[in-house]
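The values are calculated or read from the model by the stated rules, or taken from the named source; none is laboratory data. Small disclaimer: the values here were computed from a predicted structure and weren't measured. We place every Cβ from the backbone using ideal geometry, glycine too, and count neighbours over all the protein chains shown. In case anyone asks, the SASA skips ligands and DNA or RNA and just uses the protein heavy atoms, side chains included. Shrake-Rupley method; radii C 1.70, N 1.55, O 1.52, S 1.80 Å.
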Amino acid sequence: MTSKERHNQVSEILNSGKYITPARKRELLKDLSADSTSEEYQLDQWDKLVRSINGAINRVSIHNIKGIIIELFQLNLLRGRGVLVKSVLKSQTAAPAFTNVYSSLIAVLNSKIPEIGKLLIERLIVQFQNSFLNNEKPKCFAAVTFIAHLVVQTVAHEIIALQLMFLLLENPTDDSLDIACTLMTGVGAYLEENAVSATYSIFERIRNVLQEGLVSKKTQYKIETLLKLRRNKYEGHSGIPKELDLVEDEDQITHTIGLDDKCDEELNLNVFHYERNYDELDEKYNLIKLQILGDDDEDEVDGSADSDEEEEEGEEEEEEQEEVEQKEEQDEERKDQNTIKNQLTDLTAANLVEFQKNVYLTMMSSMSADEAVHKLLKLPAVSDESPELQLINIIVKGCAQEKTYSKFYGLVGEKLCSYSNIWHKSFKEAFKNSYHTLSELELKHIRNVGKFWGHLFASDRLGWESWEIVTLTESETTPSSRIFLKFLFQELVGELGVKKVQERLHEDYIQPYIRGIFPTSDQEHLRFSINFFTSIGLGVLTEEMRIILQTTPQEIELGHRSPSPSNSKRLKM
């Protein structure tokens with residue numbers, strides 16, 4: 001009987017549906033062990049993987065967590081991450097008292113394989129949403145407790161905890177307040193350090209609910225217990241125990257996933273799937289495992305390699321050995337080039353999008369401009385090339401995409417602009433970029449951007465000298481730039497008042513920089529500027545230009561015909 005016929009016979013027996021004893025099944029699978037492409041072999045390995053993961057999760061505790069982590073890394077967690085997350089969620093729901101152990105376990109696994117932490121957070125969000133809508137309190141409590149510990153372990157960003165609190169306190173009931181108190185008990189100490197203003201507003205809301213007396217006595221008692229815990233600086237609920245603080249700060253990976261994000265549970269990872277490239281995936285994970293755990297079998301591998309080399313030394317010639325060495329050097333060079341390329345590709349649009357998301361979430365989670373600036377300055381830059389300008393452009397873009405202009409963005413820009421000379425110069429450059437790229441924006445976006453820069457000029461954080469790039473003529477402006485200037489000057493007058501703006505425009509030092517907007521020669525330029533400001537309701541700013549146009553038309557005409565480079569250029573146009 002050939003090997004192929006034997007393989008088919010064993011497959012028919014295993015797929016016949018008849019009961020096969022475990023011993024007999026092991027004997028049959030021995031015939032298939034050499035063929036990893038067979039579905040029966042992969043299914044058997046999948047069953048072993050599931051049993052090993054479930055067994056490890058069921059045995060984990062604060063005393064053996066390090067050993068369990070090493071045991072789990074020996075398994076293919078990329079293939080079994082769905083089973084791992086499912087087992088952890090099931091065990092945590094059954095035993096919430098061990099949530100700190102499970103969160104510490106996930107923190108270590110996430111530091112090496114971020115896909116595990118991301119999948120767990122997304123499934124927790126879905127579990128909370130479903131249980132909250134279906135009024136399943138035990139699952140709700142388990143989900144928020146786990147999320148609180150993941151935030152403390154910096155696996156999840158604090159934004160998710162803040163979103164949960166604002167959701168639960170939006171329309172407070174006994175159940176929602178009970179869940180909110182449970183969440184704040186676990187994550188309150190962390191939020192007090194990292195989101196002070198947001199935490200203050202949360203407790204103000206809780207106090208108002210308590211004073212209104214619209215909740216049951218049981219809920220009132222829980223709120224009072226939480227407030228007492230806060231006064232005692234979260235004694236017993238602050239920080240991570242030394243036995244469970246297993247991840248260094250530089251190795252921590254935080255996922256910024258919010259309640260509004262689309263979460264994919266990837267339930268297909270919980271069940272077996274046939275893999276055509278089974279061996280390739282195993283080899284990839286073996287490389288990851290070697291990087292994580294080190295080469296424990298290095299001595300055995302070196303010993304076998306030495307014996308192979310001794311056997312081949314007598315057969316191979318010196319020329320062949322040199323060729324092999326050259327090939328190895330070439331392979332190493334290619335690997336180095338690939339690593340350099342990978343490092344370069346890290347600074348791509350994906351990282352930039354993630355950075356933009358972090359900036360937006362940071363600003364939305366801040367309760368004041370000072371807090372937002374403090375957090376924004378701590379964010380790591382995507383690249384070393386003009387990081388200040390990069391952050392300013394993201395802030396301007398975020399302001400533009402708001403439905404209506406939010407002065408919060410203007411206050412943040414004001415604080416950053418006055419932070420240092422580097423930031424001030426970056427804002428000048430950002431204003432030039434904004435003005436020259438207005439045609440790429442929609443009307444509502446131009447309105448927000450115009451008001452943003454108008455606020456910076458009104459606050460005097462950004463010098464009016466930046467207006468030197470603007471020439472208010474029909475040929476030098478576009479509809480987009482004229483709309484931008486309209487909202488900029490309206491915001492400027494709205495904050496300073498007409499008299500203050502007129503006084504500033506008459507200052508001597510600023511005259512050379514505003515001649516493009518408020519000209520003193522060239523009739524066409526004067527008329528266009530006067531008509532523009534009159535059309536936007538700010539004709540009072542053009543009184544001086546009207547006087548010049550009426551009293552000295554001949555001088556203006558002569559100046560218009562003078563052979564200056566600028567005038568000759570206008571005549572040609």
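Remark: region 57-73, residue by residue, has Karplus-estimated 3J(HN,Hα) of 5, 5, 9, 5, 8, 5, 8, 10, 5, 5, x, 5, 4, 4, 5, 5, 5 Hz, where x stands for each Gly or Pro and the curve is 6.51 cos²θ - 1.76 cosθ + 1.60 at θ = phi - 60°.
Highest mean packing first, where packing is the average number of other Cβ atoms within 10 Å per residue, the peptides 505-511, 47-53, 487-493 line up as 487-493, 47-53, 505-511.
Between the amide H of H255 and those of A156, H157, distances stay under 5 Å, these residues lying 5 or more places away or on another chain, with hydrogens modeled in the peptide plane. Once the C-beta distance of N421 and D260 is scaled by a Förster radius of 51 Å, the resulting FRET efficiency is 0.85 to the nearest 0.05. If you model region 115-274 as an ellipsoid using its alpha carbon gyration tensor, with each semi-axis the square root of five times an eigenvalue, the axes come out at 28, 20, 13 Å, biggest first. Charged neighbours of D174, selected by a Cβ distance under 12 Å, balance to +2 (K, R count +1; D, E count -1). From the alpha carbon centroid of region 111-180 to that of region 452-490 is 46 Å.
With a cut-off of 11 Å between beta carbons, the residues surrounding L389 carry a summed charge of 0, where Lys and Arg count +1 and Asp and Glu -1. A simple rule links phi to the HN-Hα coupling: the Karplus curve 6.51 cos²θ - 1.76 cosθ + 1.60 with θ = phi - 60°, which for region 260-276 gives 7, 6, 6, 10, 9, 5, 6, 5, 5, 6, 7, 10, 6, 9, 6, 10, 6 Hz, with x for Gly and Pro. Highest mean first, the peptides 516-524, 261-269 sorted by other C-beta atoms within 10 Å per residue fall in the order 516-524, 261-269. Ligands, DNA and RNA excluded, the heavy atoms of T437 present near 60 Å² of accessible surface to a 1.4 Å solvent probe. Given the pairs K90/K139; K397/K428; K118/K262; K66/K118; K118/K375; K86/K357, which are separated by over 20 angstrom at their Cα positions? The answer is K66/K118; K118/K375; K86/K357. Going through region 407-485, which GluC sites (Glu not before Pro) have at most 16 other Cβ atoms within 10 Å and a DSSP loop state? Passing sites in region 407-485 are E442, E474, E476. Length available on full extension from E170 to D47: 0.36 nm per residue minus the Cα-Cα distance, which gives 39.7 nm. Give me the net charge of I57's neighbourhood, meaning all other residues with Cβ under 12 Å from the Cβ of I57; Lys, Arg count +1, Asp, Glu -1. It works out to a net charge of +3. Volume of the convex hull of region 477-537 (Cα atoms only), normalised per residue: 89 Å³.
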